[in-house]
Structure formats: C-alpha cells, structure tokens
1. For SER221, what charge total do you get from the other residues with a beta carbon under 13 Å from its beta carbon, if Lys and Arg give +1 and Asp and Glu give -1?
2. Can you list residues whose amide H is under 5 Å from PHE119's amide H, if they're 5+ apart or on another chain and H is modeled 1.01 Å from N?
3. Work out from phi, with θ = phi - 60° and the Karplus expression 6.51 cos²θ - 1.76 cosθ + 1.60, the ³J(HN,Hα) of each residue of region 234-249, listed in order in whole Hz, and give x for Gly and Pro.
4. How much net charge surrounds TYR134 when only the other residues with a Cβ under 12 Å from the Cβ of TYR134 are counted, with Lys and Arg +1 and Asp and Glu -1?
5. When the Kirkwood radius is taken over all Cα pairs of the chain, what Stokes-Einstein diffusion coefficient follows at 37 °C and 0.692 mPa s, in µm²/s?
6. Using only Cα atoms, what is the ratio of the radius of gyration of region 199-244 to 2.2 N^0.38 Å?
7. For the chain, set up a GNM with springs between Cα atoms under 10 Å and report which of CYS160, CYS239, CYS175 has the largest fluctuation.
8. Dipole of the chain (Lys/Arg Cβ +1, Asp/Glu Cβ -1, origin at the Cα centre): which of PHE22, GLN235, TYR45 lies farthest to the positive side?
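Just so it is clear, none of the values below were taken in a lab; they were calculated from the coordinates. Since the model is a prediction, treat every value here as computed from it, not as a measurement. Methodologically, a virtual Cβ is constructed for each residue, glycine included, from the backbone with ideal geometry; neighbour enumeration extends over all protein chains shown.
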Amino acid sequence: MMNKQPSIIVFDEETSPQLGYFFGGIWETNIVKIVEYETIITISYWDSKTNKVKSISQWDFSDWKKGKWNDKSLVKYFREIIIKYDIIVGQNSDQFDIKLFNSRLAFHGFEPLPDTKTFDTKKIAKGKLKLPSYSLEIMANFFGLEGKYHHSGLDMWFKCKDGDKSAQKEMTHYCNIDVIKTKDVFYKLLPFTKFDNTFSRVSDNPNCLNPLCLSEKVTKSKKRKVVGGYKYQYQCQDCGSYFTDSKKI
C-alpha cells in the first residue's frame, strides 16, 4: 500500500541588483553607502499538487510602478503560497533563495516562514557527487538534461524595471526554465540523498523515506548498532533508496 506523499514546491527567484556609492576603480570597489537593497523581481515555482510551473512578478501587482523596484506585494503573496507545502526545494536555496526571502519578509515587517523541510540540490550534489561545478547548468548537462536558458544580458533587468513587456516576459521564461531544471535535477539526486526520519512510519510499517516515494515495498539490508540497541537499515524496492528505520530494537 502506497502512503500519501507530502506536498512539494520547487522555486527560484530572480533578483534586482543592489545600488551603492563607491570610490576607486571598478575592480577594487569599496561601497561607502548602500542606496538600494536587493529585491525579489520574479518567483517561479513548480508544485507536486498540480505538476505545473507558475510565476509571479513585481509588475503583476498594482503597487508596482515603472522605474522603481517594489517587491512588497509579491513577497506577501508568495508567503501565503509557500507555507502550504511540506517540502521546499531549490538550487542553492538554503544559502540564497530562502535567506533572501526571509530578508524581504523582515524588511516589510511580515511574519517569518514556519519551519519546513528543505532540500537544496546544490548541497545534496556537493555532499554526494564529484563534479567540476555544482551550478544548475553543469548538473543539468551532467544528467543529460537541457541546459539553462541564456537570456539577452544585463539590460534585461533594467528594461524590466522600465516596464518593457518583452523583457518582463523573457525574465519570467528565464526563471521558469530554472525551476524545471531544478526539479529534474532533484529527481536525479533523490536516490543519493540522505533522508531524515521526517516521513518514517507514516503507517504502522516502515516505509521509504524518499518523500516522492514513501513506498512500503522495502527489504531489510542490514542491522546497525546504535546506542541502546539496534536499528534495521532497509532498501526501497521501488526507488532504490537506502534508509534506517527510526524504530529501535
């Protein structure tokens, strides 16, 4: 019997450049004053409930005006979306996307995100694989997936700020492609991912800890010595993942 799978959201952010004053040369800068902090321009996300990619941007809201970055409504809107999911997935998301989103929540005086299980594809790959780089493009290429979309350049950001519809459409497409690739890489990495016991024993029997599997078709692999007894290690016969049961014997 297959257990109900947890809900998963894979997301990516495109951000605005920070603005500051500096003295000296271009390559040896010393920012003496920050005038404008980084904002979130666009967020694209895939979710396991609909199996679709969606996106929202600053210009989708009535309080956005040409020539000025304003992510207040976007951040408020996406917070109500992301808190509905059991698992959050992203490329370098633990170090960048989630931290930046928390920063923007704090800036606007919104409540923080609740504690949610996260999977960072870059962190997983660095812990298990030996690659020349752990960028999304390199990992997609390694797994034989289509690479990142190469946008038209830095001018796209400034055109988006000025209200250029074509640039805004390209920005959204660029972010959407990154989300699709992150989701595909995540699926490739799952058998090599170390899972905690968040989803163990959803029923009375041990089940696979892979959140996209949770199969009960598992077989004992070996018995492991732990403090105060033993725990059985299992292998899932559906996805191939290994896991250690949370129950001590």
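1. Around SER221, the charge tally is +4.
2. Placed amide hydrogens put ILE88, VAL89, GLY90 under 5 Å from PHE119.
3. Once rounded to whole Hz, the list reads 10, 10, 6, 7, 8, 10, x, 5, 9, 7, 10, 5, 6, 7, 8, 10.
4. Neighbour charge sum, excluding TYR134 itself: +3.
5. 162
6. So the Cα radius of gyration is 1.11 times the expected 2.2 N^0.38 Å.
7. Ranking CYS160, CYS239, CYS175 by mean-square fluctuation puts CYS239 first.
8. Positive-most Cα among the choices belongs to GLN235.
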